[in-house]
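Laboratory data are not the source of any read-out in this text; all were calculated from the coordinates shown. These figures come from a predicted structure and were not determined experimentally. Backbone-built Cβ (ideal geometry, glycine too); neighbour counts: all protein chains shown.
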Amino acid sequence: MREEMMDSLETQPSDREQLRDQAICRSVLYGAISLGLHYPTDETLSVLRTEDSRLALWDAASFLAATGGAEDARGPSSERAPADLVARVQDWATKFDSLSLEELLARFEKLFGHTARGTVCPYETEYGQEGLFEQPRQLATIMGYYQAFGLTTRTEERERADHAGCELEFLDFLCRKEAYAIESGDESMGSETRKAQRLFLKDHLGRFGRAFARMLREQEPDGFFGRLGDLLFAFLTWEYGRLRIEPGAVVLPLRSAEDDAVPMACGGKEDLIQLGVPR
């Protein structure tokens, strides 16, 4: 019944409102987690610390927990509890005020460094045991998703398309686009955005996201990024259940460094991970 409801916007007004609100709430979480993976600046930290941001995160997690989703995920029951989203948001939010920008920068540099192979790797195509030519193909596929919706990575940011922050931001965009489609009654747009969300999560962010989240929480279990990893892990698990797709692996090896055919394009310290509309 729920899948039939999601496949068509010809539902009762109350159903459409719930689907719209759920899409908005998913957007809030995707956007906040993406922001947390930006290179830390006064601006990004200030946004996270605002009362509006805290309330939006709390409201979004509470709404998603109340409307279900993760109960359908396959895996241990401890990974399926919807209420886990609310707890993980609370845990992460407690870290917003406890760190100075300098401390957060130091932790960011320690975890991610200046190369693709930092202590924790945020790049999708660095994961797996595929051959030499698979990584460029995967990057082209990811860029194809962005371009299909009129987006590209900003040239001034010089960040790779397969960065977890970019992929999260893309799903944030798709969720907002879905909410707009529901509000405006555009069934074709709604179907297109839902299909893209499911495929992109299954084949890309969902493929490596939980392994990435696990490494974050293992490397900094009680810190800002560790708590962010807890939230990302819980939210992805919730999304697997909502979309009824196989959960991504919790442990993934990195591909051989000898096969590195993708140049790193490291930005400066002022860079943010962002997608934009081509001009």
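Structure above, values below:
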quantity	calculated
S62 versus E218: modelled label distance in nm, points set 7 Å from Cα along the beta carbon direction	3.5
Among V120, Y146, A181 the positive-end extreme of the charge dipole of the range 87-220 (Cβ point charges)	V120
Relative frequency of Cα-Cα separations exceeding 26 Å in the range 86-234, percent	34
Positive minus negative residues near D97 (Lys, Arg vs Asp, Glu; Cβ under 11 Å)	+3
q = 0.13, 0.17, 0.19, 0.21 Å⁻¹, the range 147-257: log10 I(q)/I(0) [Debye, one scatterer per Cα]	-0.57, -0.91, -1.08, -1.21
Neighbour-count order for S256, S34, fewest beta carbons within 10 angstrom listed first	S256, S34
Förster-model FRET efficiency, 45 Å R0, R49 and Q129, C-beta, rounded to 0.05	0.65
Net charge contributed by nearby residues that have their C-beta within less than 14 Å of D59 (K/R +1, D/E -1)	-1
Amide proton proximity set for L254, modelled H, under 5 Å, gap of 5+	G128
